[in-house]
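The values are calculated or read from the model by the stated rules, or taken from the named source; none is laboratory data. Here the structure is a predicted model, which is why all the values come from computation and not from measurement. Glycine gets a Cβ as well: all are built from the backbone with ideal geometry, and neighbour counts include every protein chain shown. Note: areas computed on protein heavy atoms with side chains; ligands, DNA, RNA excluded. Shrake-Rupley method; radii C 1.70, N 1.55, O 1.52, S 1.80 Å.
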Amino acid sequence: MESSICILGAVKEEIAGIKGRMKIDHRSKLGTADIFYGTWERKSIILVRTGIGKIRAGGALATVLEKYSLSMVISIGYAGGTHPDIKAGDLLVARRFLAFPKDDQPPEKIDVTSCLVKRAEKVPPSKKYSAYRGSLLTVDRVINKPADKKAIGEDYGVNGIDMETSVLAQMAVVRKLPFLSVRAITDTVSQELVDVSSFMEKDGQVSIRKAGWYILTHPGSIPTFISLQEIAHRGTKNITEFLINFLKLVD
C-alpha cells in the first residue's frame, strides 16, 4: 500500500488552500474530524481538519495512523507570535517543540527528526512573507494578551504559540515518522486578541453564530475581527505556497 503524507490543521480556514487544490477521491467524518483523501502536487495526501486543541488533534492523528501507512506528518495552521521580529503573515517553521508546563514543572521538549526541516530550508524565499526557523510552544488555552505572549517568548525562548503541535510531534516521534510544522503568524506579540474560547463548538470549530453575536454586542471589536480575518486568509495562502514548493523537494 502506498504511503501518504498526512497534513493536519485545526480549523477549516487553515486547510482551505490545500483542500481547494486537491483532487479529492473521497472524504469521511471520524469523530469530530473531517478527513479528505486524494492527491496534491502529485503526492498521495490525507488532509485532516482536527478541531482546536491537543485532544482533538491527537485523536484525529491516532485514527489516521490506525488505518493508513504514512510517509510523513505535517502540521499546519495559525500561531501567535512571541518574538518582536516576526510579523503578521510570516511563517514559523519550527526546529524545536515544547509543551506548556503543568504546575511548576519545566516545559516538555519534543525532539523530532530534522530531515524535513533541513529540506524546508531549501524552499526558495518569497516576496510575500518571511519564513523563520525557531521554536514553537503548544499551550492549553488562548493566550490573547500582549504581556503574556511577550513573557512566554522570553521565559521559554520560543518564537510562537499554538494549541495542537506538541502532541502531533510526539506521536510522530513514537512512530518514527518525519515531522514538519508550518505555522502562519496571525497575531504578533504586540497585538491583543479576542479570546475565542467561548465561541467554540463541540467539534473544535469556531462558531460563526457565537462570534457574530459577540460582534453585535461588542461593535468596537469589528476592526479587530476584520483585520484578523484578512491576516488569516493571507496566512493560509502563504502556508499553501510554501508547501507547494516544499513538496517539489520531496521524493
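Only one of the listed values, [x] 18.3, 55; [y] 17.2, 54; [z] 19.0, 61, was derived from the coordinates as Rg and Dmax of the Cα atoms in Å; which label is it? Read-out taken from this structure: [y]. Heavy-atom accessible area for Cys115, with the other protein chains in place and a 1.4 Å probe, reaches approximately 50 Å². Annotation: amide H of Asp187 within the under-5 Å range of Ala79, Gly81, sequence separation 5 or more or interchain, hydrogens built in the peptide plane. The length gained on full extension between Gln229 and Arg141, counted as 0.36 nm times the residue separation minus their Cα-Cα distance, comes to 29.7 nm.
For Ser4, nonlocal amide neighbours, meaning residues 5 or more places apart or on other chains whose placed amide H falls under 5 Å from its own, are Ser69, Leu70, Ser71. Approximating the spin labels as points 7 Å out from Cα along Cα→Cβ, the Thr39-to-Glu201 distance works out to 3.2 nm. Which of these, Pro107, Pro124, Pro178, has the largest mean-square fluctuation under a Gaussian network model of the chain (Cα springs below 10 Å)? Per the Cα network of the chain with a 10 Å cutoff, Pro124 tops the list. Using all pairs of distinct alpha-carbon atoms, the Kirkwood hydrodynamic radius of segment 72-157 works out to 14.3 angstrom. Modelled label positions at Lys118 and Asp85, each set 7 Å beyond Cα in the direction of Cβ, lie 2.3 nm from each other. Note on Ser190 and His26: their simple-model spin labels are 5.2 nm apart, each label 7 Å out from Cα toward Cβ.
Cross-link partners for Lys128 among the aspartates and glutamates, with Cα-Cα distance under 15 Å and sequence neighbours closer than 8 places in the same chain left out: Asp90, Glu230, Glu241. Around the amide H of Met163, modelled in the peptide plane, lie the amide H atoms of Val139, all under 5 Å away and 5 or more residues distant in sequence or on another chain. Using θ = phi - 60° in the Karplus curve 6.51 cos²θ - 1.76 cosθ + 1.60, the 3J(HN,Hα) couplings for segment 131-137 round to 10, 9, 9, x, 10, 10, 10 Hz; x is entered for Gly and Pro. Along the axis of the charge dipole computed for the chain (Cβ charges of +1 for Lys and Arg, -1 for Asp and Glu, origin at the Cα centre), the listed residues Tyr68, Gly235, Ile185 are led at the positive end by Tyr68.
Accessible surface of the chain, 1.4 Å probe: 53 percent of it comes from carbon and sulfur atoms. Could you compute the longest span of the chain free of trypsin sites (Lys or Arg not before Pro) located in DSSP loops and having at most 16 other Cβ atoms within 10 Å, not counting the site residues? With trypsin sites (Lys or Arg not before Pro) excluded where exposed in loops, the chain gives 203-247 as its longest stretch. Couplings 3J(HN,Hα) for segment 85-91, derived from phi with the Karplus relation 6.51 cos²θ - 1.76 cosθ + 1.60 (θ = phi - 60°), are 6, 8, 9, 4, x, 5, 10 Hz, where x marks Gly and Pro.
Each other residue within a Cβ distance under 13 Å of Lys128 adds +1 if Lys or Arg and -1 if Asp or Glu, for a net charge of +2. Averaged over its residues, the chain has an accessible area of 49 Å² per residue, based on protein heavy atoms and a 1.4 Å probe.
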